[in-house]
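Just below is one structure, and these are the notes that go with it.
A short reminder: the numbers here are calculations on the coordinates, not readings from a lab. Worth saying up front: this structure is predicted, and the values here are computed from it rather than measured. Glycine gets a Cβ as well: all are built from the backbone with ideal geometry, and neighbour counts include every protein chain shown.
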Amino acid sequence: MDARSRRKFLGLCLGGLLAGAGGAVLYPLIRYLAPRRDGSARRTVTFPAAEVPEGAAKFFEYNGKTAVVIRQKNGALVALSAVCTHLGCVVQWQKEKEEFLCPCHAGRFSAAGQVLGGPPPKPLETIPVTAANGTITVG
């Protein structure tokens with residue numbers, strides 16, 4: 001093997017190595033930035049109605065995001081996205097105040113998801129919810 005063919009072989013090996021390293025770095029970045037493909041598919045979540053007593057909240061996973069169901073004092077059920085509309089933090093239910101609080105920047109939301117204060121630009125997203133035969137169905 002002469003020096004020219006050896007140099008060409010080493011150049012091909014180095015090029016392949018760099019291409020592999022570039023792919024290893026770019027693939028996770030692209031996957032992180034690309035939207036989910038299954039996000040448009042609507043699914044339902046069911047659980048026993050006993051898991052949500054009056055004034056309480058139940059957090060769960062819905063369509064790849066955190067959601068919450070609360071039973072208000074009047075017995076009505078409300079299902080909302082638990083993702084704050086400001087920066088995407090998960091809100092916390094404040095039972096004694098009957099409102100949601102975002103721990104990141106103190107955004108406040110009513111039990112119906114309406115903005116009460118802080119930086120959130122819009123209300124929490126509502127999700128359809130029904131209760132029948134002791135079962136709560138979200139979605």
Contour minus Cα-Cα distance for R43 and V25 (0.36 nm per residue)
3.2 nm
In the neighbourhood of S110 defined by beta carbon distances under 9 Å, the net charge of the other residues (Lys, Arg +1; Asp, Glu -1) is -1
Viscosity 0.890 mPa s, temperature 25 °C: what is the translational diffusion coefficient of the chain from Stokes-Einstein with a Kirkwood Rh over Cα pairs, rounded to a whole number of µm²/s?
135
Among the aspartates and glutamates, which have Cα under 16 Å from the Cα of K97 when same-chain residues fewer than 8 positions away are ignored?
E54
How long is the gain from Q92 to K65 if the chain were fully straight, where each residue apart is worth 0.36 nm and the alpha carbon distance is subtracted?
8.3 nm
How much length is gained on full extension from T130 to F9, taking 0.36 nm per residue of separation minus their Cα-Cα distance?
36.9 nm
Given the convex hull of the Cα atoms of region 58-121, what is a quarter of its surface area in nm²?
4.1
Provide, in order from the shortest bin, the percent of all Cα-Cα pairs of region 84-139 in each 5 Å bin, continuing until the bin that contains the maximum pair distance.
5, 21, 26, 18, 15, 9, 5, 2
For helix 3-33, report the angle its Cα long axis makes with the longest principal axis of the Cα atoms of the chain; keep it between 0 and 90° and round to the nearest 10°.
10
Give the residue from C89, G11, G75 lying farthest towards the positive end of the charge dipole for the chain; charges sit on Cβ (+1 for Lys and Arg, -1 for Asp and Glu) and the dipole is referred to the Cα centre.
G11
